[in-house]
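Asks: After the structure tokens below, expect a handful of questions from me.
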Amino acid sequence: MTVSPESDPHMGQPGNPNPSDPTPVPDDLDDFEAVIEEEDNDESEEDDEETEPITPEAQMRTDQVSMESLFKRLSTERVPVRVHDVLIKGNTKTKDSIIEAEVEELLKNATTVQQLLQAAGVANARLQRLDIFDSVNITLDAGPPELPGTANVVVEVSEAKNPLTGDVGIFSKPEARSWSLEGSLKLKNLFGYGDLWDGSMAYGWGQASEVSAGVFVPKFKALATPLTARISLLSQDWLKFSSYKEQALGLSLGLLSIGNHDLSYNLSWRTLTDPSRMASHSVRRQLGHGLLSALKYTFKIDQRNSPLRPTRGYAFLSMTHIGGLVPDNRSLRFIRQEFDLRYAVPLGFYHAALNFGISGGFIFPWGRGFLNTPSYLPERFFLGGNASPVCTLRGSTSILGFKARGLGPAEPRRQERGNSNNESSDASTGVDFIGGDLAVTAFADLSFDLPLRVLREAGIHGHAFACTGSLTKLTENAYRELSLQKLRESFRCSAGFGIIVPTKLFRMEVNYCYILKQHEHDQGKTGVQFSFSSPL
């Protein structure tokens, strides 16, 4: 008997569901087949007594009734079964051990046909997530005749015909007046271990450029967790906002990735420079080289029904970053903690939903004299920008209506002699945004369908929102001056409404933002804002 995993997986209760039915409940898979065969034989005997021949249409109806009876019994009765063997077919390059590691334990733990069908569906999804197969088919068949109550599982895969894939895209950040060209190449299953090799490049006009390469191996020999490694060269230009440029050559290693937990190690050599020679005092004192050796632990739960337009569910993110794990006087020692909580509530009309969330984080140096030591500038929190707070799940970052790095603590820039009349318009503000050590943000967003059917079918919908956030300093004994009243006064607020246009190539938001509260040096502006981002 061959049973497809697409069959009804619902598990029933043991025993005969119909006491008036004299047909006995089978004790194992072979008995179950014998019952079906007996019914077929009874029907055959009745057919033999009839003088008229059976037409093809009548035979088809008879077969259909038999299959319906079989599936009905599978959905209402617990049929015991034991997996005898897992057979793998179709893999010419992929190691059998890679496929077995994903499915064997899951399948062999099943004790009934219903559980086996469910396990087959989960195993199929696991193999598809490896992203090295064009198709995966799992078939359940009866085991050897001499082993009653057993089944064989046949896993047939079709490996990717073209192991090399790539994509390219252009994205904009209107609040930063910059564009970026991003491209990547991915080589699948080079050595047959399900390994994914990728290289990526991002070139941003006027802000950031990055070249990186990495490898991901889902299962390697006796390792119980995936193996990941990535090397990157990053260059970021923050002259418009904070009067410094950053270059970093780094290596990242994935140490643990199980369920909701992820642990990684990062080693990078960073250099901060000020080509403009106009940086404020707080920026100038951090220019130069630094060594980052840090562990990063991430705990993430996302039970929302969609990351782009959630209408129900919740999500939680916690990130702990501990830097300074090498005995070097240039090692950057700090503890950085972030959290992010989201919740979506359906309202029951026009596909409307209320999303709200709160994010927070703090950074603090550690080591000798840490109370008088400033936190490391690139690791501080910076708020602003028009990235959607609903889609992003990465801590305190976005407040709609404010430019990137457009609010929070600021210091005046140094004025270069003889050049006061030639300053660029970007530097005319005369201040550097230096970030904060304590960040708190919150938002509420009401999304709803638009009345036109053509817009609903295209996924175009409207929303209304309100955002607020605070960014303050804690280091260099500044925490002593912090009070509840000062914290309350430090919040900035904005509100507005807009239209969201999702496409396969990008996600566009057109929002009207109204600034409700801002401070003296904040770069917030009431008006229409455009935002383009990746569709994922």
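Asks: In nm, to one decimal, how far is the modelled label at LEU267 from the one at PHE506, with both set 7 Å along Cα→Cβ?
Replies: 3.9 nm
Asks: Mind ranking 292-301, 483-492, 434-443, 496-505 by how tightly packed they are, going by the mean number of other C-beta atoms within 10 angstrom, highest first?
Replies: On the way: 292-301: 16.9, 483-492: 12.9, 434-443: 23.8, 496-505: 15.0.
Top to bottom by mean Cβ count within 10 Å: 434-443, 292-301, 496-505, 483-492.
Asks: I would also like to ask the following. For LEU256, put the label point 7 Å out on the Cα→Cβ axis and report which residues of segment 265-306 keep their amide N under 20 Å from it.
Replies: 265-267, 293-302
Asks: Take the alpha carbon gyration tensor of segment 232-353, find the square roots of its eigenvalues, order them as a ≥ b ≥ c, and report rounded if a/c is under 1.5; if not, report prolate when a/b exceeds b/c, else oblate. Present the calculation step by step, with values, prior to reporting the outcome.
Replies: On the way: a/c = 3.11, a/b = 1.71, b/c = 1.82.
Because a/c hits 1.5 or more and a/b fails to exceed b/c, segment 232-353 counts as oblate.
Asks: Quick check for you: with a 1.4 Å probe and neighbouring chains kept, what is the accessible area per residue of segment 220-288, in Å²?
Replies: On a per-residue basis, 53 Å².
Asks: Ignoring ligands, DNA and RNA, what percent of the accessible area of segment 238-380 is carbon or sulfur (1.4 Å)?
Replies: Of the solvent-accessible surface of segment 238-380, carbon and sulfur hold 62 percent.
Asks: Shifting gears a bit: If I stretch the segment between ARG126 and VAL154 completely, what's the gain in nm (0.36 nm per residue apart, minus their alpha carbon distance), one decimal?
Replies: Gain on stretching ARG126 to VAL154: 8.5 nm.
Asks: With a cut-off of 8 Å between alpha carbons and a minimum separation of six or more residues, what is the relative contact order of segment 260-400 in percent?
Replies: That works out to 18 percent.
Asks: Another question, then. Going by a ≥ b ≥ c, the root eigenvalues of the Cα gyration tensor, does segment 88-192 fall in the rounded group (a/c under 1.5), the prolate group (a/b larger than b/c) or the oblate group?
Replies: prolate
Asks: Next question. For segment 449-484 and segment 138-153, what is the centre-to-centre distance using only Cα atoms, to the nearest Å?
Replies: Segment 449-484 and segment 138-153 have Cα centres separated by 56 Å.
Asks: Could you do me a favour and compute the accessible area per residue for segment 422-533, 1.4 Å probe, result in Å²?
Replies: 52 Å²
Asks: Express in nm, to one decimal, how much length is gained between SER235 and LEU295 on full extension, taking 0.36 nm for each residue of separation and deducting their alpha carbon distance.
Replies: Here the answer is 19.4 nm.
Asks: Residue by residue through segment 97-107, which ³J(HN,Hα) values in whole Hz follow from phi under the Karplus form 6.51 cos²θ - 1.76 cosθ + 1.60 (θ = phi - 60°), with glycine and proline marked x?
Replies: Along segment 97-107, the couplings run 4, 5, 5, 4, 5, 7, 10, 5, 4, 4, 6 Hz.
The values are calculated or read from the model by the stated rules, or taken from the named source; none is laboratory data. Since we're looking at a predicted model, the values are computed, not measured. Every residue, glycine among them, receives a Cβ derived from its backbone with ideal geometry; neighbour counts consider all protein chains shown. Note: areas computed on protein heavy atoms with side chains; ligands, DNA, RNA excluded. Shrake-Rupley method; radii C 1.70, N 1.55, O 1.52, S 1.80 Å.
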